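For reference, the structure is listed below as structure tokens.
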Amino acid sequence: MLQVETNSTLTAADAARIQYVPYFRLCPSPFNVRKREPTGIEPLAETIDGRGLMQNLVVHTMKGRGKQPKLGVCAGQRRLAALDLLFSQGRITKDYQVPVLIVSEGEAIAASLIENREREPMHIADECVAFGLLSQEGKPVSHIAALFKVSEMVVRRALKIANLAPSLLDLLREDKLDYEQAKVLALADDHATQQRIWNDAPNAWHRRPSELRAALTKAELDASENPLARFVGLDAYEAAGGFVRRDLFSDDRNAGYIADAELLHRLATERLIELSQTIAAEGWSFVETRTRVDRAELIRYDRIVSTSRKPTKAEKTELAALVAVRDEAKAALDAYYADQDSEEDEVLWERLDNALADATAAVDAYGERFETFDADDMKQAGAFVAIDEAGKAQVTRGLRRPEERAADSNQVAQLTHAQRSRDLPPKAKPVHGEKLCKRLTAHRTAAIQIELAQQPGVALAVLMYRMIPVVFDDVYGQSYIDHAVRIDVHTSRDALVSNADDMGDSAAWKGLEEQRAKWTRMLPKRTDELLAWLLQQDSDVMSNLFAFCVAATVDGISPVDRAHAINEVANTMEVDFTRYWKPTRAGYFEHVSKDRIVSVVGEAVAPHAAGELRGMKKGDAAAAAELRMTESGWLPEVLRNREVPKHVTYGHWDDEDSEADDTQDEGNDGDAEEAEAA
């Protein structure tokens, strides 16, 4: 391997290869990987003038005519620049003898790269281009990795960056394009696409890595986030002929973007069918498959009674180990949320969240092994096989179709009036009291706020949607629209805490407070400095701060469960409340009756699980319900209600329309009064 001297001490073998050549034969090498102008030349020139050149240059013979061909300096660019300065000042002559080590052209690139990496840090663009030149010479990735003592993945990533269009590499070298942006653009293999994505971005906001990635992969699916991709696996997808745009800069083994969504869906369906055949062999009357878990659909089904055998001592030990892993994963994720001082680390959060999901799934799968059903009951029931958000197959057994329940006339006839009325929702008394409704809708508000704070475009639209009817009252003056945002600026932060004493444990609240702390550190401390500070900020800061402020004004706390304007914002962003609210003892079960607890567990878990709670005291039943339901994804009716108030228009000229509007007015009087009170 080529040895490049880094000090004045030479071995006998190296010294024998050193030659002295006149200064006039030296010139810059096209193989020198450093393209930026060298720095610190004047001090180096003074040192050479006072002490002589203490270290040799590495050169190769340049192609050309003449008895004494030029020698290109591939390692020692700064020393050559210092010699050029001394010559221009008349302090050395063209015959000044310079020690050099002459190498071949093939060795020149490696020599330059090694020399520059060991001395003044190279710009990432120059280093990547140098790796690319070695690859073009036929050097395999393994050879380059061994030569520079880096992993093969580092080399592959460098080669990706080296494949950027020359104009983009120049921007990277000039720090007009940062490394994170370059990583995204490198996802495209052709220069035309890279340049189009970059040049089409109208401002700095659209040149953020996330925006560039969205533009580049607009018609593709993110394999690391898409449940179907996780379920099928990239290897199976590619084996079926699917194309994956690889993301070498991610540590996720499933990092990439899927181009053929139709093929992915077909592969997922085929695998689901295979699983359903295995489930059907258990003796169920039907097995249905879904590419996503639809909890609203499952709620419409009855569940037949199941029994659970007691685990053996060995099985208890295994279960305890699985539970310990789950608890450890949950503690790690909670510690991440609690660490307010550290910067947000999306990669770490995703790793911790995935670890908890996997550990929870392992515990659930273990429990399913001990659940058994009566063979006769199974002939009247079935199962659903669906893909959950984590990309895992979720099997729900023991489901009885609603029409089969209705067809069982003998059973219906035996129901007493009291039993039937018990199953119906109470007419006079709501399911959730005023205080609990406020608690739950406070959590709903926090969830919508944290999602809105991350979407400046939606935040702008929500605020403009509130303002435009006021400004253009000549156009919209005959309309009444219930809004989630009040035009007089206020925040609902204190109201969230006062109506939900468990708000501090909410992931949404933690995210909001983390953002609030970040902005508090950035904002000036004096009000009279605020406007000047705002005028100095770039568009990225302004848009994100704007989104947070709009989100903080959203007010969705309500004392009753009915249509609410905040649902229009929630539906627009497709907010999944199961990410932010869990059915816990302190947050829900302590605030409802024991009968409600039993009913909820029967609905969300299984009838036999509800039966176990009937003989307990309420406190014990609430604790047991939390254990069974924290990760169930169940939501109370208040949070399931996504209904939006009707938009009422007054004074229509058409008589028929006016009659319809009168009916709507009557139906929305209560909503308007509620909005006024809020």
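The values are calculated or read from the model by the stated rules, or taken from the named source; none is laboratory data. Keep in mind that this is a model prediction, so the values were computed, not measured. FYI the Cβ positions are ideal-geometry reconstructions off the backbone, even for glycines, and counts take in every protein chain you see.
Sort through T572, T553 and tell me the only one that's touching a strand residue (DSSP E or B) at 6+ places or on another chain (Cβ under 7 Å) and in the same structural domain as T520 (by TED's automatic domain parsing).
T553
Of everything in segment 78-107, what is loosely packed, with under 14 Cβ neighbours inside 10 Å and in a helix (DSSP H, G or I)? Give them in sequence order.
S88, the sole residue that qualifies.
Given S593, S599, which one is at pLDDT 85 or above, over 29 Å from D377 (Cα atoms) and more than 33 Å from the chain's Cα centre (by Cα)? First the steps, then the outcome.
Numbers: S599 fails: over 29 Å from D377 (Cα atoms).
Every option except S593 fails the conditions.
Give me the pairs, please: first residue somewhere in segment 607-619 and at pLDDT below 85, second residue anywhere and surrounded by fewer than 13 Cβ atoms within 10 Å (Cβ to Cβ) and in a helix (DSSP H, G or I), beta-carbon distance under 9 Å, and either six or more positions apart or on two chains.
Hits for this filter: L613/D620.
The rows are residues; the columns are (1) modelled with pLDDT under 85; (2) among the acidic types (D, E); (3) outside any helix (DSSP H, G or I); (4) out of contact with any Asp or Glu (no Cβ under 9 Å at 6 or more places or on another chain).
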| position | (1), (2), (3), (4) |
| --- | --- |
| A359 | no, no, no, no |
| G367 | yes, no, no, yes |
| T372 | yes, no, yes, yes |
| D377 | no, yes, no, yes |
| Q380 | no, no, yes, no |
| V385 | no, no, yes, no |
| E389 | yes, yes, yes, no |
| R397 | no, no, yes, no |
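Looking only at segment 604-630, which residues are among the charged types (D, E, K, R) and either within 32 Å of the chain's Cα centre (by Cα) or surrounded by 21 or more Cβ atoms within 10 Å (Cβ to Cβ) (or both)?
Initial filter on segment 604-630 (among the charged types (D, E, K, R)): 612, 614, 617-618, 620, 626, 628.
Answer for segment 604-630, where residues must be among the charged types (D, E, K, R) and either within 32 Å of the chain's Cα centre (by Cα) or surrounded by 21 or more Cβ atoms within 10 Å (Cβ to Cβ) (or both): E626, R628.
When you check Y650 against the structure, is it surrounded by fewer than 19 Cβ atoms within 10 Å (Cβ to Cβ), among the hydroxyl-bearing types (S, T, Y) and either modelled with pLDDT of 85 or more or in contact with a Phe, Trp or Tyr (Cβ under 9 Å, 6 or more places away or on another chain) (or both), yes or no?
Numbers: surrounded by fewer than 19 Cβ atoms within 10 Å (Cβ to Cβ): yes; among the hydroxyl-bearing types (S, T, Y): yes; either modelled with pLDDT of 85 or more or in contact with a Phe, Trp or Tyr (Cβ under 9 Å, 6 or more places away or on another chain) (or both): yes.
So Y650 passes the test.
Of the conditions (1) among the β-branched types (V, I, T); (2) surrounded by 15 or more Cβ atoms within 10 Å (Cβ to Cβ); (3) over 24 Å from P607 (Cα atoms), V347 fails just one. Which one is it?
Of everything listed in (1) among the β-branched types (V, I, T); (2) surrounded by 15 or more Cβ atoms within 10 Å (Cβ to Cβ); (3) over 24 Å from P607 (Cα atoms), V347 misses just condition (2).
Which of the residues spanning segment 116-134 are assigned to a helix (DSSP H, G or I), at pLDDT 60 or above and under 24 Å from D84 (Cα atoms)? Steps first, please.
Of the residues in segment 116-134, the ones assigned to a helix (DSSP H, G or I) are 116-118, 124-134.
When the remaining residues are screened for being at pLDDT 60 or above, the result is 124-134.
Listed by number, the list holds a single entry, D126.
Could you check segment 246-260 and list, in sequence order, the residues that are farther than 18 Å from V155 by Cα and either at pLDDT 75 or above or in a strand (DSSP E or B) (or both)?
The initial filter retains those residues of segment 246-260 that are farther than 18 Å from V155 by Cα, namely 254, 256-260.
Residues satisfying the conditions are G256, Y257, I258, A259, D260.
Hey, can you tell me all the residues within segment 589-621 that are of a type in the set (A, V, I, L, M, F, W, C), within 22 Å of I304 (Cα to Cα) and part of a loop (DSSP other than H, G, I, E, B)?
V605, A606
Need the failing condition index for L187 against (1) more than 26 Å from L267 (Cα to Cα); (2) at pLDDT below 80; (3) in contact with a Ser or Thr (Cβ under 8 Å, 6 or more places away or on another chain), just the number.
Among (1) more than 26 Å from L267 (Cα to Cα); (2) at pLDDT below 80; (3) in contact with a Ser or Thr (Cβ under 8 Å, 6 or more places away or on another chain), the lone unmet condition for L187 is (1).
Residues in segment 350-363 that are closer than 15 Å to D388 by Cα and touching a residue at least 40 places away in the same chain (Cβ under 8 Å): how many?
2
Looking only at segment 292-316, which residues are surrounded by fewer than 15 Cβ atoms within 10 Å (Cβ to Cβ) and more than 18 Å from E603 (Cα to Cα)?
If the condition is that a residue be surrounded by fewer than 15 Cβ atoms within 10 Å (Cβ to Cβ) and more than 18 Å from E603 (Cα to Cα), then R292, R309, K310, T312, K313, A314, E315, K316 are the ones that fit.
Just for segment 538-569: of the residues that are of a type in the set (S, T, N, Q) and within 26 Å of the chain's Cα centre (by Cα), which one is farthest from L523 (Cα to Cα)? Break it down into steps so the answer makes sense when it comes.
Initial filter on segment 538-569 (of a type in the set (S, T, N, Q)): 539, 543-544, 553, 558, 567.
So of that shortlist, the ones also within 26 Å of the chain's Cα centre (by Cα) come out as 539, 543-544, 553, 567.
Numbers: S539: 15, S543: 14, N544: 13, T553: 19, N567: 31 Å.
Restricting to residues being of a type in the set (S, T, N, Q) and within 26 Å of the chain's Cα centre (by Cα), the top hit is N567.
Run down L187, L221, L216, L212 and say which single residue is surrounded by 12 or more Cβ atoms within 10 Å (Cβ to Cβ) and over 25 Å from A162 (Cβ atoms).
Values: L187 fails: over 25 Å from A162 (Cβ atoms); L216 fails: over 25 Å from A162 (Cβ atoms); L212 fails: over 25 Å from A162 (Cβ atoms).
Of L187, L221, L216, L212, the one residue that is surrounded by 12 or more Cβ atoms within 10 Å (Cβ to Cβ) and over 25 Å from A162 (Cβ atoms) is L221.
Residues that are of a type outside the set (A, V, I, L, M), in contact with a Ser or Thr (Cβ under 8 Å, 6 or more places away or on another chain) and either in a helix (DSSP H, G or I) or under 23 Å from V232 (Cβ atoms) (or both): does segment 291-298 have at least one? Full working, then the answer.
Filtering segment 291-298 for residues of a type outside the set (A, V, I, L, M) gives 291-292, 294-295, 297.
Remaining after also requiring in contact with a Ser or Thr (Cβ under 8 Å, 6 or more places away or on another chain): 291.
Going one step further and asking which of them are either in a helix (DSSP H, G or I) or under 23 Å from V232 (Cβ atoms) (or both), we end up with 291.
Yes, the conditions are met somewhere in segment 291-298.
For residues that are of a type in the set (S, T, N, Q) and modelled with pLDDT of 85 or more, tally how many sit in segment 162-184. First the steps, then the outcome.
Filtering segment 162-184 down to residues of a type in the set (S, T, N, Q) leaves 163, 167, 181.
Then keep just the ones that are modelled with pLDDT of 85 or more; that gives 167, 181.
Looking only at that region, the number is 2.
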